[in-house]
Amino acid sequence: MTTTTAPLLDVRDLHVEFHTRDGVAKAVNGVSYTVEAGRTLAVLGESGSGKSVTAQAVMGILDTPPGRITAGQVLFRGQDLLTMGEEHRRRLRGAKLAMIFQDALSALNPVMTVGAQLGEMYEVHQGMSRSDARARAVQLMDRVRIPAAKQRAGDYPHQFSGGMRQRIMIAMAVALEPDLIIADEPTTALDVTVQAQVMDLLAELRREYATGLVLITHDLGVVADVADHIAVMYAGRVMESAPVAELYARPAHPYTRGLLDSIPRLDRKGRELYAIKGLPPSLTAVPPGCPFNPRCPMAQDICRTDRPPLHPAGPGRVSACHFWKETLEGSAR
Amino acid sequence: MTPEPLLQVTDLVKHYPLTRGILFRKQVGAVHAVDGVSFTLRRGETLGIVGESGCGKSTVARLLVGLERPTAGQIRYRGEDITKLSGPALRTVRRNIQMVFQDPYTSLNPRMTVGDIVGEPFEIHPEAAPKGDRRQRVRELLDVVGLNPEHINRYPHQFSGGQRQRIGIARGLALRPEVIVADEPVSALDVSVQAQVVNLMQRLQGQFGLSYVFIAHDLSVVRHISDRVAVMYLGRFAEAGTDEEIYDHPTHPYTQALLSAVPVPDPAAGAARGRIILTGDVPSPAAPPSGCRFRTRCWKATERCAAEVPALAVPAWLKDGPAAHASACHYAAER
């Protein structure tokens, strides 16, 4: 029970650049979002929107160089992670902040048994003996419903199926009961029936440990079921941020509306799909003004010159569109 | 009036041998990738095949275009069994059945220009376009799929994923085929680009009277584009019917579970649907379960399911109903 007023995670005006041969790529260009304790924030975006880079900057696992955080703050319970010492930060990582990666096979150590990898968390962070740590690892595997956990603790990652490997990643993330888990496309590589199992498990553990969750995804469907709040990213910026139900019912940004209209729905068959014209911009040459303006059906002159600020667009929601009001009114459905 | 069948597939089987030993190779088993699949594809129609990874849907695609020879079964194109053909006869048939691949990053030769890639089918089928015309034909094809014909001399890496998939589609169209087999054509693309490619494929279908076999794991995309849908599990069809029959009246437990697992981008609708969470993983196709392939994960399974293979047939109680369609389950019922 925390009584502090500071949110669990508060990312403020974060900027990340990459120096590439083609110039400076502004992967994250002034992103702000907050996660309250025990809540789920979904960060939604297409490839290249900067959603994963933001997460890497929060976790402190950004490759520098080529990456560079040029501005911004990442406040975890009020403490700025970006200015604290690496030693301090390392102690928080794993214990207070944990991450689940998309590709479990490359995130797990291929030459260590999964039991040893899970146990290592307890040995390093809590100073447990190897045998105690091993016993805890088996309990944990049991908790994420890996059948015959005791026997399988001696297996290597490649001996598990994709769904089982992702469970091990989840086990590793919840091992030390962190306050915040960042899950980067946790189910993208999985089949739908397995995806449902894994999302179910993640939601259950999140409730059980009252963990805050940042769920990074490109899938509008997955988000609808589990998130409390959504931030939609495009070209390194937050385009819109809103509570889930409101965002789906009445998007306040033309990009969000375009995305929602462009996906075929299982529960209703339409004629032609709405397609957002054109392509996402190259991050080395993001258009001036609103980055979405070349693809936007509502773009006016102002959109090509002035970068829209985040306008408050209702309780708990903001929209980075000069015409958020018109969009909101136009998208009542 | 139903249009004539273009492709008739009967009892298609593809087993890949598992061998042991280096000098004296002996077969110790087989991966049952496709194990008795039958369907008909009519002119101008889209058949969607959905299934999870390892269900054999891509093997079906490869068999249809002749990249693999089936272990058993027939593929009839206009009445002629193409699995027995070879030489010029096979080449003629292949001209009419073309493929679009999943991954636009690996299915285009990085050292060939777009013009050479799209024009390559004319090298193999010189009768399709006289030599002097080819360049012009390639330009037309690029235009048809929504690419700038001026980019004919560019290389694949100069294009985005969606544009590359358009190049793959242009190549598939080059020989004016009747059937296009598309294996996960949009799954590597971002959502906003996916819609562009799906719309393009639908427009081309109308324009050229194409028939599609559209293979994907994304049930929503398959519903959107397909006239008829087959659900595949471990090498067999679990259920087949029109898109309404499959999506609104599924009778096979696997179809029901699969549909309930698909996330719907609507928080209100999501909560209203009854989720079926399956236990366990898909069994290995090298050792498929006896009887019904799905029985190891099915909540309805009985001893009968282990003993008898359920046939893909219309259940008796459904025969006269409005949604009569085939389901390979002993206990087929709507939820």
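What single numbered condition from (1) of a type outside the set (D, E, K, R); (2) farther than 28 Å from A:His218 by Cα; (3) surrounded by fewer than 19 Cβ atoms within 10 Å (Cβ to Cβ) fails to hold for B:Ile277?
It fails just one condition, (2).
Being within 14 Å of another protein chain (Cβ to nearest Cβ) and surrounded by 20 or more Cβ atoms within 10 Å (Cβ to Cβ) is the filter here, so list the residues in the range B:282-292 that pass it.
Result: B:Val282, B:Pro285.
A:Leu14 is checked against (1) in contact with a Lys or Arg (Cβ under 7 Å, 6 or more places away or on another chain); (2) in contact (Cβ under 8 Å) with a residue 60 or more places away in the chain; (3) within 30 Å of A:Glu177 (Cβ to Cβ) and fails just one. What number does that condition carry?
The failed condition is (1).
When residues of the range A:314-333 are filtered for being more than 23 Å from the chain's Cα centre (by Cα), part of a loop (DSSP other than H, G, I, E, B) and of a type outside the set (Phe, Trp, Tyr), how many remain?
Qualifying residue count for the region: 5.
What do you reckon, is B:Ala306 assigned to a helix (DSSP H, G or I), in contact with a helix residue (DSSP H, G or I) (Cβ under 7 Å, 6 or more places away or on another chain) and away from chain A (no Cβ under 11 Å)?
Criteria met by B:Ala306.
Out of the residues in the range A:191-225 that are touching a strand residue (DSSP E or B) at 6+ places or on another chain (Cβ under 6 Å) and assigned to a helix (DSSP H, G or I), state the one that is farthest from A:Pro254 (Cα to Cα).
Filtering the range A:191-225 for residues that are touching a strand residue (DSSP E or B) at 6+ places or on another chain (Cβ under 6 Å) and assigned to a helix (DSSP H, G or I), the one farthest from A:Pro254 (Cα to Cα) comes out as A:Arg206.
Residues of the range A:191-218 being touching a residue at least 60 places away in the same chain (Cβ under 8 Å) and more than 15 Å from A:Arg145 (Cβ to Cβ), which ones?
Within the range A:191-218, A:Arg206, A:Ala210, A:Thr211, A:Gly212, A:Leu213, A:Val214, A:Leu215, A:Ile216, A:Thr217, A:His218 qualify.
Search the range A:147-167 for residues being crowded, with 21+ Cβ neighbours inside 10 Å and not charged (D, E, K, R), and hand back the single one that is farthest from A:Ala196 (Cα to Cα).
Among those that are crowded, with 21+ Cβ neighbours inside 10 Å and not charged (D, E, K, R), it is A:Ala153.
Scan the range A:203-229 for residues that are more than 12 Å from chain B (Cβ to nearest Cβ) and either of a type in the set (Asp, Glu) or touching a His at 6+ places or on another chain (Cβ under 7 Å) (or both) and jot them down.
A:Glu208
Just a yes or no: is a residue in the range B:186-199 farther than 19 Å from B:Leu6 by Cα, touching a strand residue (DSSP E or B) at 6+ places or on another chain (Cβ under 8 Å), surrounded by 22 or more Cβ atoms within 10 Å (Cβ to Cβ) and in contact (Cβ under 8 Å) with a residue 12 or more places away in the chain?
Taking every residue of the range B:186-199 in turn, at least one turns out to be farther than 19 Å from B:Leu6 by Cα, touching a strand residue (DSSP E or B) at 6+ places or on another chain (Cβ under 8 Å), surrounded by 22 or more Cβ atoms within 10 Å (Cβ to Cβ) and in contact (Cβ under 8 Å) with a residue 12 or more places away in the chain.
Of all residues in the range B:137-160, count the ones that are within 14 Å of chain A (Cβ to nearest Cβ), assigned to a helix (DSSP H, G or I) and surrounded by 18 or more Cβ atoms within 10 Å (Cβ to Cβ).
Residues in the range B:137-160 being within 14 Å of chain A (Cβ to nearest Cβ), assigned to a helix (DSSP H, G or I) and surrounded by 18 or more Cβ atoms within 10 Å (Cβ to Cβ): 0 in total.
How about the range B:1-102: which strands (runs of 3 or more DSSP E) wholly inside it have at least 1 residues that are closer than 17 Å to B:Ala240 by Cβ?
B:5-20, B:26-42, B:46-50, B:72-77
Taking the conditions exactly as written (acidic (Asp, Glu) and buried (at least 16 other Cβ atoms within 10 Å of the Cβ)), does B:Glu80 satisfy them or not?
no
Under the condition of being touching a Pro at 6+ places or on another chain (Cβ under 9 Å) and buried (at least 23 other Cβ atoms within 10 Å of the Cβ), which residue from the range B:42-77 is farthest from B:Leu12 (Cα to Cα)?
Filtering first and then ranking leaves B:Cys55.
Name every residue in the range A:230-254 that is away from chain B (no Cβ under 13 Å) and not polar (S, T, N, Q), in order of residue number.
If the condition is that a residue be away from chain B (no Cβ under 13 Å) and not polar (S, T, N, Q), then A:Ala231, A:Gly236, A:Arg237, A:Val238, A:Glu240, A:Ala252, A:His253 are the ones that fit.
Identify, by number, the condition in (1) basic (Lys, Arg); (2) out of contact with any helix residue (DSSP H, G or I) (no Cβ under 6 Å at 6 or more places or on another chain); (3) at the interface with another protein chain (Cβ under 9 Å from one of its Cβ atoms) that A:Lys277 doesn't meet.
(2)
Can we say A:Leu9 is touching a residue at least 12 places away in the same chain (Cβ under 8 Å), closer than 29 Å to A:Leu118 by Cα and buried (at least 22 other Cβ atoms within 10 Å of the Cβ)?
yes
Which of the helices (runs of 4 or more DSSP H) found entirely inside the range B:170-280 contain at least 2 residues meeting this: more than 9 Å from chain A (Cβ to nearest Cβ) and under 27 Å from B:Asp320 (Cα atoms)?
B:243-248, B:253-261
Which of (1) more than 10 Å from every other protein chain (Cβ to nearest Cβ); (2) surrounded by fewer than 22 Cβ atoms within 10 Å (Cβ to Cβ) is the odd one out, the single condition A:Asp200 does not satisfy?
Checking A:Asp200 against (1) more than 10 Å from every other protein chain (Cβ to nearest Cβ); (2) surrounded by fewer than 22 Cβ atoms within 10 Å (Cβ to Cβ), the one that fails is (1).
Go through (1) touching a Phe, Trp or Tyr at 6+ places or on another chain (Cβ under 7 Å); (2) closer than 30 Å to B:Arg203 by Cβ one by one and return the number of the condition A:Ala231 breaks.
The number of the failed condition is (2).
Can you tell me which residue is modelled with the highest pLDDT among those in the range B:233-267 that are touching a strand residue (DSSP E or B) at 6+ places or on another chain (Cβ under 6 Å) and surrounded by fewer than 20 Cβ atoms within 10 Å (Cβ to Cβ)?
B:Thr242
Restricting attention to the range B:103-136, which residues are under 28 Å from B:Ala216 (Cα atoms), of a type in the set (D, E, K, R) and assigned to a loop (DSSP other than H, G, I, E, B)?
B:Asp103
In the range A:41-61, is there at least one residue being buried (at least 20 other Cβ atoms within 10 Å of the Cβ), touching a Leu at 6+ places or on another chain (Cβ under 6 Å) and within 14 Å of chain B (Cβ to nearest Cβ)?
Yes: one or more hits.
Is it true that some residue in the range A:218-225 is surrounded by fewer than 20 Cβ atoms within 10 Å (Cβ to Cβ) and farther than 20 Å from B:Ser220 by Cβ?
For the range A:218-225, residues surrounded by fewer than 20 Cβ atoms within 10 Å (Cβ to Cβ) and farther than 20 Å from B:Ser220 by Cβ: absent.
B:Ala311 - would you say it is in contact with a strand residue (DSSP E or B) (Cβ under 9 Å, 6 or more places away or on another chain), assigned to a loop (DSSP other than H, G, I, E, B), touching a residue at least 24 places away in the same chain (Cβ under 8 Å) and under 22 Å from B:Val229 (Cα atoms)?
No; evaluated as a whole, the condition is false for this residue.
Which condition number in (1) farther than 30 Å from B:Gln27 by Cβ; (2) out of contact with any helix residue (DSSP H, G or I) (no Cβ under 7 Å at 6 or more places or on another chain); (3) at pLDDT 90 or above; (4) basic (Lys, Arg) is the one that B:Lys300 fails?
Here B:Lys300 meets the rest and fails (2).
The values are calculated or read from the model by the stated rules, or taken from the named source; none is laboratory data. Source: prediction; values computed, not measured. We place every Cβ from the backbone using ideal geometry, glycine too, and count neighbours over all the protein chains shown.
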